[in-house]
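The values are calculated or read from the model by the stated rules, or taken from the named source; none is laboratory data. Here the structure is a predicted model, which means the values were calculated and not measured. Note that each Cβ is placed from the backbone with ideal geometry, even for glycine, and that neighbours are counted across all protein chains shown. Ligands, DNA and RNA are stripped out before the accessible areas are found, and what is left, the full protein with its side chains, is counted by its heavy atoms. Shrake-Rupley method; radii C 1.70, N 1.55, O 1.52, S 1.80 Å.
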Amino acid sequence: MRKLCTEELFTPRRLAELRAVREEKARELARAVSSSSEAKVRGGESGSPLLPVAVARAVFPAVAGAVVVAGTPNVSDYFPAVAAADVLGVRRRMEKLVAWTYGVNDRQIDLRRHGRAAGEPRRNDLLDAALDMEGQVDGTEGWVMNQEAMRGMFMDLLVAGSGSTTSTIEWAMAELLLHPRCMTKELRRVIGARPHVAESDISNLTYLQAVVKETLRLHPTVPIGLNKAEATVEVHGYRIPEGTTVYVNIWAICRRAKVWGDDAEERFVVGRDDGVGFLGNCFELIPFGAGRRICLGLPLAERMLHLMLGSLLHRFDCAVEDDGIDMAERFGLVLSMATPLRAVAKEVVSN
């Protein structure tokens, strides 16, 4: 499934083919903010303009709940003997959320299957590719592409995609509102009077790239990474037996003062950052993980984060609402704001 998703969504060729779709979604985001009540930017809720895709809005409450429940400490993980009792009710809560999201996925899969049977033209997307493989068996693992496999795959993509990107944009806006001197004017210098930011502009928006890096450092998308030791190894004098689940505290790594110092505003500006990036090559900044288990959607996330945040900053001047901003974190698989962001947006570059 990882290979299928990579080939159909995340290869350079497919990303290039879908560039116009991403740019339209960024424009849709700007239109949603412009037309919302009193031009308010809201985060962390299904009606937020930060969730411009209809299906994402439909499943967002369940996805947000699943992200929190999945990150909840569970006594069953540490004492397998009592796992069946589900003492804290984590499994029961997760089963309800997963069942609801599976229902949404099943309806989409069935609609497409019936459409194909009726002769509707192919959309050549991931769902079409999955339906093309339906019934095929992997000879080495005995894995089969069926309804169960498809619903699980799309569940993973929805959880990873709709929550993480939205949360990072929300954190970036919150940090910029708290540090207004960092609200970059390079967007209007580079973009000029054009109403929209294009993906081709991103390489010239060096300060915007620095803002995204600093946001991911302070608020890593996934605060705790999970890995399983494939062999018994020794790390700094600690013996880690084969099969051990290793928790990597990405949040603590990204905030380690000894590594990062205090020069936040200029930390990632070109010429000062020594090439530090979040693509998995610099272990002091790994919000998407590293190695062969790095986040599958990183190539898409990198484009969407810059494009959507740049679109908001170019089109609007934003200000904090009267009740201020609460920067408290809500821990889960995705690190989100405990209190959703509220800001007032004044349009300065119109359509």
State the Cα centre-to-centre distance between segment 289-321 and segment 143-197 in whole Å. 4 Å
Those lysines that a straight Cα-Cα span of less than 21 Å connects to Lys3, excepting residues fewer than 8 apart in one chain: Lys228
Among Gly324, Leu305, Cys295, whose Cα lies farthest out toward the positive end of the dipole of segment 268-342, if unit charges sit on the beta carbon of Lys, Arg (+1) and Asp, Glu (-1)? Cys295
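For segment 168-241, what is the relative contact order in percent, using Cα pairs closer than 8 Å and at least 6 residues apart in sequence?
Numbers: 34 pairs, mean separation 21.3, N = 74.
Averaging sequence separation for qualifying contacts and normalising by length gives 29 percent for segment 168-241.
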Under 5 Å between amide hydrogens, which residues at least 5 positions from Val144 or on another chain qualify, with H placed 1.01 Å from N in the peptide plane? Asp138
Under a straight-distance cross-link criterion of Cα-Cα below 19 Å, which lysines are reachable from Lys25, leaving out those fewer than 8 residues away in the same chain? Lys40
Any chance you could list the semi-axes, whole Å, largest first, of the equivalent ellipsoid that the Cα gyration tensor gives for the chain, using √(5λ)? 33, 28, 21
Sorted peptide list for 104-114, 80-90, 280-290, criterion being average Cβ within 10 angstrom, highest first: 280-290, 104-114, 80-90
For Lys258, give me every one of the lysines with a C-alpha distance below 23 angstrom, ignoring sequence neighbours fewer than eight places off in its own chain. Lys213
Please compute the contact order of the chain in relative form: average sequence separation of alpha-carbon pairs under 8 Å and at least six residues apart, divided by the residue count, as a percent. 24 percent
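Order Trp100, Trp260, Trp171, most accessible first, counting only protein heavy atoms with a 1.4 angstrom probe. Intermediate results must be reported in sequence, preceding the final value.
Values: Trp100 125, Trp260 30, Trp171 0 Å².
Per-residue accessible area, sorted high to low, gives Trp100, Trp260, Trp171.
Just add up the charged neighbours of Thr165: K/R +1, D/E -1, any other residue whose Cβ is under 13 Å from the Cβ of Thr165.
Numbers: positive: Arg22, Lys25, Arg303; negative: Glu170, Glu302.
Its environment carries a net charge of +1.
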Solvent-accessible surface (1.4 angstrom probe) belonging to Ser200, in square angstrom, nearest 10: 70 Å²
